[in-house]
Every structure is written in structure tokens, then in C-alpha cells.
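A.B. asks: Sharing a structure below in C-alpha cells format, with a few things to ask.
The values are calculated or read from the model by the stated rules, or taken from the named source; none is laboratory data. What you see is a predicted model, and the numbers here were worked out from it, not measured in a lab. Cβ placement follows ideal geometry from the backbone for every residue including glycine, while neighbour counts extend to all protein chains displayed. Keep in mind that these areas ignore ligands, DNA and RNA; they rest on the heavy atoms of the full protein, side chains included. Shrake-Rupley method; radii C 1.70, N 1.55, O 1.52, S 1.80 Å.
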Amino acid sequence: MRIATPLRYVLPAGVTVLLAAAPASAAPAPLSPLRPVASLAADRLATADLVAAAKWGTDSPIDDPAREQQVLDSVAAQAQRIGADPDEVRRIFRDQIEANKVVQRALFARWTAHPEQAPTTKPDLNVVRQTINRINTNLVQSIADTTPERIAPTCDPELAVAVVEVHHDKHPDLLHTAALVRSLVSVCRD
């Protein structure tokens with residue numbers, strides 16, 4: 001359920017150039033070591049459409065501080081169990097949550113302006129959250145596994161390449177591409 005919406009966030013120039021320059025039929029380049037992080041972030045963002053559809057027309061708000069805190073506490077605990085930095089994982093997941101809300105808000109705005117495009121069925125939010133929890137577990141592990149790459153001086157360009165690779169594979173619209181970039185802001189350590 002991808003809806004084309006006006007781009008509200010500007011993509012970093014390097015990502016924009018890479019996305020524009022990559023021909024659709026280009027042979028796959030070597031994989032970025034950060035591709036798993038970007039791919040899982042994109043998978044997590046894909047759930048935003050379902051979350052928005054589940055909340056549309058209900059009293060369930062897009063901003064849900066209690067649920068957000070549960071997610072942050074859960075991923076921090078997972079990080080600690082596997083020897084990753086819980087504060088860093090928590091920071092990265094704050095960006096994941098904010099990017100998910102960017103998509104939900106844009107979809108709500110779209111559906112408000114064009115009610116005929118609004119979802120007619122409501123996914124079960126508990127089922128969607130099970131999917132999100134599974135992705136979260138894999139993303140925490142991926143963040144931990146890529147620590148050397150995320151602290152390297154080459155992290156930013158590698159992450160840009162990973163976004164291009166994920167864009168090529170998953171074909172997200174502009175909204176989801178912008179949200180993907182937003183979701184990865186804290187991945188590289190400065």
C-alpha cells in the first residue's frame with residue numbers, strides 16, 4: 001500500500017545523486033557492509049503503512065509515547081544481552097520510530113485530502129507489532145554486527161551506497177525513501 005506523497009524531507013545530496021545516477025538495469029555492485037541495516041530499516045518502514053491503516057479512523061494516535069518507550073526499552077535490553085551499546089541502539093531506534101511516524105503522518109494527510117484512497121480494512125495492530133518486533137530483533141543484531149563499519153570514517157558513504165542498494169531492490173516511493181534516510185541518521189558514529 002505505497003502512496004505517492006509530496007516529499008517533505010530533503011535527501012542528502014550524495015544519496016540523491018546516487019539514486020538519480022543508478023540505472024535500473026545496472027549490474028549489482030559489491031554489497032555495502034551496511035546494507036543489512038538499511039534493508040531492515042526499510043522493512044520496518046514498510047510496516048508504517050499497516051500501522052497507519054490500523055489507526056486510521058480510530059482514536060489511536062500516531063504518537064504513542066508508551067508504546068515507543070516499550071520499544072526503546074526492549075531494544076536496549078536486547079542490545080545489552082548481545083554486548084552492544086544500549087544507548088546507541090536506543091538512539092538509532094528513536095530515529096526508526098520518528099521515520100515511521102513521518103510515513104504515518106503523510107498517509108493520514110493523504111487520506112484526509114483524498115478519502116477515496118483511505119484504507120477500507122484495518123489490519124490487526126497486534127499482528128503488525130509482532131512483525132515489527134521480529135524486525136527490531138534482527139535490526140538490533142545487525143547494528144551490533146556492523147559496529148566496526150559504523151565507527152569507520154567511511155560509514156557515511158557506505159550508508160549512502162546501502163540506501164541506493166535497498167532502493168534498487170525494494171523500489172520505495174519518495175515518501176518511504178525519505179523516511180528511510182531519516183531512519184538512518186544515527187547509524188554512523190560521528
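A.B. asks: Is there any pair with a first residue in region 139-157 that is closer than 17 Å to L72 by Cβ and among the β-branched types (V, I, T) and a second that is open to solvent by 20 Å² or more (accessible area, probe 1.4 Å) and part of a helix (DSSP H, G or I) whose Cβ atoms are under 8 Å apart and which are 6 or more apart or on different chains, and what are they?
C.D. replies: Going by the 8 Å Cβ cut-off, the qualifying pairs are V140/Q78.
A.B. asks: Among the residues of region 116-151, which ones are open to solvent by 80 Å² or more (accessible area, probe 1.4 Å), more than 17 Å from D64 (Cβ to Cβ) and acidic (D, E)?
C.D. replies: The answer is E116, D145.
A.B. asks: Then there's this: D43 - would you say it is crowded, with 16+ Cβ neighbours inside 10 Å and charged (D, E, K, R)?
C.D. replies: So D43 passes the test.
A.B. asks: Continuing with this model, one more query. For S186, only one of the following conditions fails: (1) outside any helix (DSSP H, G or I); (2) more than 13 Å from the chain's Cα centre (by Cα); (3) crowded, with 17+ Cβ neighbours inside 10 Å; (4) of a type outside the set (A, V, I, L, M). What is its number?
C.D. replies: Here S186 meets the rest and fails (2).
A.B. asks: If you check every pair at least six apart or on different chains, which have Cβ atoms under 6 Å apart with a residue in region 120-132 that is in contact (Cβ under 8 Å) with a residue 60 or more places away in the chain and under 19 Å from V75 (Cα atoms) first and a residue that is of a type outside the set (S, T, Y) and surrounded by 17 or more Cβ atoms within 10 Å (Cβ to Cβ) second?
C.D. replies: Once the first residue is in contact (Cβ under 8 Å) with a residue 60 or more places away in the chain and under 19 Å from V75 (Cα atoms) and sits in region 120-132, its partners that are of a type outside the set (S, T, Y) and surrounded by 17 or more Cβ atoms within 10 Å (Cβ to Cβ) give V128/L50; V128/V51.
A.B. asks: Looking only at region 73-99, which residues are within 17 Å of R182 (Cα to Cα) and either of a type in the set (A, V, I, L, M) or open to solvent by 10 Å² or more (accessible area, probe 1.4 Å) (or both)?
C.D. replies: Of all residues in region 73-99, those within 17 Å of R182 (Cα to Cα) come to 88-99.
If the condition is that a residue be within 17 Å of R182 (Cα to Cα) and either of a type in the set (A, V, I, L, M) or open to solvent by 10 Å² or more (accessible area, probe 1.4 Å) (or both), then V89, R90, R91, I92, R94, D95, I97, E98, A99 are the ones that fit.
A.B. asks: Every residue in region 152-183 that is in contact with a helix residue (DSSP H, G or I) (Cβ under 7 Å, 6 or more places away or on another chain), of a type in the set (D, E) and open to solvent by 30 Å² or more (accessible area, probe 1.4 Å), please.
C.D. replies: Within region 152-183, just E158 meets the criteria.
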